[in-house]
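Asker: I have a structure I would like to understand better, so I am pasting it below and will then ask my questions one at a time.
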Amino acid sequence: MSEQVYLSVVIPAYNEGGRKGEELRKNIEEIGKYAKNKNWSYEVVVVSDGSKDNTVEFSKSLAPLVDNLEIIDRKENRGKWYSVREGFLKAKGKYRLLTDADGATAISNLDGFIASMEKGEDIIIGSRDLSDSKIKKHQPRWKELMGDAGNYLIQFMLGLRGIEDTQCGFKVLSEKATLNIVPLLQVDRWGGDFEMLMLARKMKYEIVQVPVVWEDAGLSLVGASGLGGYSSTLRELFQVKWRMMTGKYNIKK
């Protein structure tokens, strides 16, 4: 039996060719260098969410940059968190990292996670709102204000008080947490972060928060078409709250 992969890096991708391709290429190249420097066994899983451009072909061309690149080519667009679920359950790693295609949170931030991973923590999340976090390039002010308001609402509605940044796209789950939590997720698009964290709290997992260095790449799809992404996320928040209140999640504590 082959040795288990230590780290799986899961990257949901939608239309990442064209002008955004350089960001994806740089991100995957840095992941390969980082894992090699740590002497880890690893894999990168890119999930194309029904991309309409050359994302799949472009991603395949990046295979020489890493030891093991897996491409999931789903023809239908289902949403970011549908893709995250697909990638996490396809992955084989002892630890599974969610990161965004644009590399807004560089792989080097994983340095701050290693101590918790070595202790066997199950859920470790990056936060842009801790005192030691650093924002190298901010989002437009209106996006930051929307994000802050939304997070206060998320904390209040889902029992996530103390988690000031639920939406940072840099999260590590152990294999155990993945298999216990990810199959229960029902949000397909943007709200999977807070759905996952809510379920983790309900299942009595400790959630470790780690400061990160973050840089807005200006390529986020949330809010790219005005307020549509934010209204969709708000709708998902109320759906998650309703499912929680009505016992729709089959939670095994």
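The values are calculated or read from the model by the stated rules, or taken from the named source; none is laboratory data. It should be emphasised that the depicted structure is a prediction, and the values quoted were computed from it without experimental measurement. Neighbour counts are summed over all protein chains in view; Cβ atoms, including those assigned to glycine, are modelled from backbone coordinates with ideal geometry.
Asker: Out of the residues in segment 116-139 meeting the condition of being among the basic types (Lys, Arg) and modelled with pLDDT under 95, tell me which one is nearest to GLY162 (Cα to Cα).
Answerer: ARG128
Asker: Exactly one condition in (1) part of a helix (DSSP H, G or I); (2) touching a Lys or Arg at 6+ places or on another chain (Cβ under 8 Å); (3) buried (at least 17 other Cβ atoms within 10 Å of the Cβ); (4) aliphatic (A, V, I, L, M) is not met by MET157; state its number.
Answerer: Unmet for MET157, out of (1) part of a helix (DSSP H, G or I); (2) touching a Lys or Arg at 6+ places or on another chain (Cβ under 8 Å); (3) buried (at least 17 other Cβ atoms within 10 Å of the Cβ); (4) aliphatic (A, V, I, L, M): (3).
Asker: Within segment 110-127, can one find any residue that is in contact with a helix residue (DSSP H, G or I) (Cβ under 6 Å, 6 or more places away or on another chain), crowded, with 19+ Cβ neighbours inside 10 Å, closer than 21 Å to MET198 by Cα and among the charged types (D, E, K, R)?
Answerer: yes
Asker: Also, quick follow-up: May I ask you to verify whether ILE107 is touching a Phe, Trp or Tyr at 6+ places or on another chain (Cβ under 7 Å), under 18 Å from GLU215 (Cα atoms) and not charged (D, E, K, R)? It would help to see each step written out before you state the result.
Answerer: Numbers: touching a Phe, Trp or Tyr at 6+ places or on another chain (Cβ under 7 Å): yes; under 18 Å from GLU215 (Cα atoms): yes; not charged (D, E, K, R): yes.
For ILE107, the condition - touching a Phe, Trp or Tyr at 6+ places or on another chain (Cβ under 7 Å), under 18 Å from GLU215 (Cα atoms) and not charged (D, E, K, R) - is met.
Asker: Just to confirm my filter: which strands (runs of 3 or more DSSP E) fall fully inside segment 1-97 and include at least 2 residues that are surrounded by fewer than 16 Cβ atoms within 10 Å (Cβ to Cβ) and touching a strand residue (DSSP E or B) at 6+ places or on another chain (Cβ under 8 Å)? I'd like the intermediate steps shown before the answer.
Answerer: Numbers: elements: 7-13, 42-49, 69-74.
Passing ranges, in order: 69-74.
Asker: Sticking with this one: Which condition number in (1) hydrophobic (A, V, I, L, M, F, W, C); (2) in contact with a Lys or Arg (Cβ under 6 Å, 6 or more places away or on another chain); (3) without any contact (Cβ under 8 Å) to a residue 12 or more places away in the chain is the one that LEU145 fails?
Answerer: Only one criterion is unmet by LEU145, namely (2).
Asker: Where residues in segment 5-57 are among the small types (Gly, Ala, Ser) and at pLDDT 95 or above, which of them is farthest from CYS168 (Cα to Cα)?
Answerer: Initial filter on segment 5-57 (among the small types (Gly, Ala, Ser)): 8, 13, 17-18, 21, 32, 35, 41, 48, 50-51.
Add one more test, that the residue is at pLDDT 95 or above, and what stays is 8, 13, 32, 35, 41, 48, 50-51.
Working: SER8: 18, ALA13: 16, GLY32: 22, ALA35: 21, SER41: 25, SER48: 20, GLY50: 23, SER51: 23 Å.
Within segment 5-57, the match that is farthest from CYS168 (Cα to Cα) is SER41.
Asker: Can you pull out every residue in segment 140-154 that is of a type in the set (D, E, K, R) and either outside any helix (DSSP H, G or I) or within 11 Å of ASP165 (Cβ to Cβ) (or both)? Talk me through it step by step, then tell me what you get.
Answerer: Residues of segment 140-154 of a type in the set (D, E, K, R): 141, 143-144, 148.
ASP148, the sole residue that qualifies.
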